[in-house]
Amino acid sequence: MKIAVIGTGYVGLVTGTCLAETGNEVLCIDIDADKVQKMQNGEVPIYEPHLDVLFERNIKANRLKFSTSLDEGLEHGDIIFLALPTPEDEDGSADLKYILGVADDIGKLIKDYKVIVDKSTVPVGTSDKVKETISKHAKVEFDVVSNPEFLREGFAVDDFLKPERIVVGSSSERATKLMEKLYKPYVRSGNPIIIMDEKSAELTKYASNSFLAAKITFMNEIANFCEKVGADVDKVRIGMGTDSRIGKRFLFPGIGYGGSCFPKDVKALHKSGLDNNYNFKILDAVINVNARQKLVLIPKIENHFNNDLKGKNIAIWGLAFKPETDDIREAPSLYMIDQLLAQGCNIKAFDPEAMPNVKRKLGDKITFADNMYDTLENADALVISTEWSIFRTPNFSKMKDLMKGHTIFDGRNLYEVNEVQNEGFKYISIGR
């Protein structure tokens, strides 16, 4: 099949590359000419495990191409994916200006029947707005479909190629058949393609992300309470997770969620509720608790240093909001860095992938290390903010020799408490 993907951000690039992997002819469109040129030269603009292999393979096979021309994309594709940004507006709502702007252009350029697919995370009713916008100018038939993505950063390629489910919101039999044909190769093991109306599909994405954010936030509240009463959140987590009604996933406490999806989607669903005279009180709590949780280590650090952080050398392991990505959007590390800098700390940080992004944001406000151990030289304390695998089994003896102060503040509970204490460190984690 011939596919056009408008927008080559995280979702668009993974979608286009993975659709090409099953033999489709994919043309990706982006207005950034420099970015398009780099992709044409085989340069992947984002870090995502395994994406580079598929990217290179499909470019060489001539199944994956790039252009700046929307007209060319519409000429090429039978199915047109809109994978455009929906940034958080000042009031928490999703800003649809990019999607509706492109929809307006599509209406002026479209020459024959197309299926227009909303791949971006969008509020309920967006498909109607896209259809209305295209209809202002279009003189041919078209259908608008909602097809939310459920890609986890760090696992996006596997999630796309082996999805647990595919959700398609469509009221058109013609469009539905095309979408089922497109996705059939990805569900050969029997996982479902779920067909529903457009509004239900749009809400499914927001409801899913908001529920997972609430699950994380609840466990962070339990962890904080464990510290008050002397319980161990790891034991509580295991006890809860073995209940099949609850499940093991998203029960790990820490310093809050970040990234491009959970913070934005929770706020957008909350705002959609207010716009329809409904107050999601549980989402109020999720938003507020998560904001507080990102800084939960700061009082512990202040207490350890008797509220005198000026001139203290703090090492930080991990800058990305989660491992296996270079994404720093809403990363807890950045919130902590701001607080520590404001109190006069010197910060030296290491992250396997995210340092270039942080450097563009912070410049020379902090120092960046070549490796995890270089951050520790003369450090008064270590703060762990991202659970990268390379941090899980460090050489504690080497750490002790390098550090001036032997204290670890672990925002991701990477180690057993007794193990680290036996190595001669003061170890302060979450909920234990």
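The values are calculated or read from the model by the stated rules, or taken from the named source; none is laboratory data. This one's a predicted model, so the numbers in the text were calculated from it and none came from an experiment. Cβ atoms come from the backbone with ideal geometry, glycine included; neighbour counts cover every protein chain shown. All accessible areas refer to the heavy atoms of the entire protein, side chains included, with ligands and DNA or RNA removed. Shrake-Rupley method; radii C 1.70, N 1.55, O 1.52, S 1.80 Å.
Scan LEU334, LEU309 and give me the residue that is more than 25 Å from TYR415 (Cα to Cα), modelled with pLDDT of 95 or more and surrounded by fewer than 23 Cβ atoms within 10 Å (Cβ to Cβ).
Working: LEU334 fails: more than 25 Å from TYR415 (Cα to Cα).
After ruling out the rest, the residue left standing is LEU309.
Residues checked against (1) small (Gly, Ala, Ser); (2) closer than 24 Å to ILE216 by Cβ:
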site: ARG360; (1), (2): no, no
site: MET372; (1), (2): no, no
site: GLU377; (1), (2): no, no
site: SER385; (1), (2): yes, yes
site: TRP388; (1), (2): no, yes
site: THR393; (1), (2): no, no
site: LYS404; (1), (2): no, no
site: THR407; (1), (2): no, no
site: SER429; (1), (2): yes, yes
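Just checking, which of VAL26, VAL14 is crowded, with 24+ Cβ neighbours inside 10 Å and farther than 17 Å from GLU153 by Cα? Step through it out loud before you land on a result.
Numbers: VAL14 fails: farther than 17 Å from GLU153 by Cα.
Unique residue meeting the criteria: VAL26.
Quick one: would you say TYR373 is of a type in the set (Phe, Trp, Tyr) and within 19 Å of ASN306 (Cα to Cα)?
Working: of a type in the set (Phe, Trp, Tyr): yes; within 19 Å of ASN306 (Cα to Cα): no.
No.
Pick from SER120, SER69, SER93, SER127: which is surrounded by fewer than 17 Cβ atoms within 10 Å (Cβ to Cβ) and among the small types (Gly, Ala, Ser)?
Numbers: SER120 fails: surrounded by fewer than 17 Cβ atoms within 10 Å (Cβ to Cβ); SER93 fails: surrounded by fewer than 17 Cβ atoms within 10 Å (Cβ to Cβ); SER127 fails: surrounded by fewer than 17 Cβ atoms within 10 Å (Cβ to Cβ).
Among SER120, SER69, SER93, SER127, only SER69 is surrounded by fewer than 17 Cβ atoms within 10 Å (Cβ to Cβ) and among the small types (Gly, Ala, Ser).
Is the range 193-210 home to any residue that is closer than 22 Å to GLY16 by Cα, out of contact with any helix residue (DSSP H, G or I) (no Cβ under 7 Å at 6 or more places or on another chain), in a loop (DSSP other than H, G, I, E, B) and of a type outside the set (Asp, Glu)?
Scanning the range 193-210 turns up no residue that is closer than 22 Å to GLY16 by Cα, out of contact with any helix residue (DSSP H, G or I) (no Cβ under 7 Å at 6 or more places or on another chain), in a loop (DSSP other than H, G, I, E, B) and of a type outside the set (Asp, Glu).
Scanning for something assigned to a helix (DSSP H, G or I) and over 21 Å from the mean Cα position of the chain (by Cα), does the range 77-94 turn up at least one residue? Outline the logic, then answer.
Restricting attention to the range 77-94, the residues satisfying the condition of being assigned to a helix (DSSP H, G or I) are none.
Taking every residue of the range 77-94 in turn, none turns out to be assigned to a helix (DSSP H, G or I) and over 21 Å from the mean Cα position of the chain (by Cα).
Any residue at all in the range 56-63 that's over 29 Å from ASP265 (Cα atoms) and within 24 Å of the chain's Cα centre (by Cα)?
First, the residues of the range 56-63 that are over 29 Å from ASP265 (Cα atoms): 56-63.
Restricting the remaining residues to those that are within 24 Å of the chain's Cα centre (by Cα) gives 56.
There is at least one residue in the range 56-63 that is over 29 Å from ASP265 (Cα atoms) and within 24 Å of the chain's Cα centre (by Cα).
Filter the range 307-324 for residues that are touching a residue at least 24 places away in the same chain (Cβ under 8 Å) and more than 15 Å from LYS294 (Cα to Cα) and give the result.
Of the range 307-324, the ones touching a residue at least 24 places away in the same chain (Cβ under 8 Å) are 309-324.
Those that are touching a residue at least 24 places away in the same chain (Cβ under 8 Å) and more than 15 Å from LYS294 (Cα to Cα): LEU309, LYS310, GLY311, LYS312, ASN313, ILE314, ALA315, TRP317, PRO323, GLU324.
Considering (1) among the aliphatic types (A, V, I, L, M); (2) in contact (Cβ under 8 Å) with a residue 24 or more places away in the chain; (3) not in a helix (DSSP H, G or I), say which one ALA175 fails and leave the rest.
Answer for ALA175: the failing condition is (3).
Within the range 350-432, considering only strands (runs of 3 or more DSSP E) that don't extend past its boundaries, which have at least 2 residues that are in contact (Cβ under 8 Å) with a residue 12 or more places away in the chain and open to solvent by 20 Å² or more (accessible area, probe 1.4 Å)?
On the way: elements: 381-384, 407-410, 426-428.
Correct list: 426-428.
Output the residue which, of all residues in the range 155-175 that are under 25 Å from VAL14 (Cβ atoms) and surrounded by fewer than 18 Cβ atoms within 10 Å (Cβ to Cβ), is nearest to the chain's Cα centre (by Cα). It would help to see each step written out before you state the result.
Here is the first cut: in the range 155-175, the ones under 25 Å from VAL14 (Cβ atoms) are 155-170, 175.
Pick out the ones that are also surrounded by fewer than 18 Cβ atoms within 10 Å (Cβ to Cβ) and you get 155, 158-159, 161-162, 164-165.
On the way: PHE155: 11, ASP158: 15, ASP159: 13, LEU161: 18, LYS162: 18, GLU164: 18, ARG165: 19 Å.
Among residues in the range 155-175 that are under 25 Å from VAL14 (Cβ atoms) and surrounded by fewer than 18 Cβ atoms within 10 Å (Cβ to Cβ), the one nearest to the chain's Cα centre (by Cα) is PHE155.
So which residues in the range 8-36 are touching a helix residue (DSSP H, G or I) at 6+ places or on another chain (Cβ under 8 Å), outside any helix (DSSP H, G or I) and under 21 Å from ASP327 (Cβ atoms), if there are any at all?
THR8, CYS28, ASP30
If PHE280 meets every condition in (1) over 23 Å from the mean Cα position of the chain (by Cα); (2) surrounded by fewer than 20 Cβ atoms within 10 Å (Cβ to Cβ); (3) of a type outside the set (Asp, Glu) apart from one, which number is that one?
(1)
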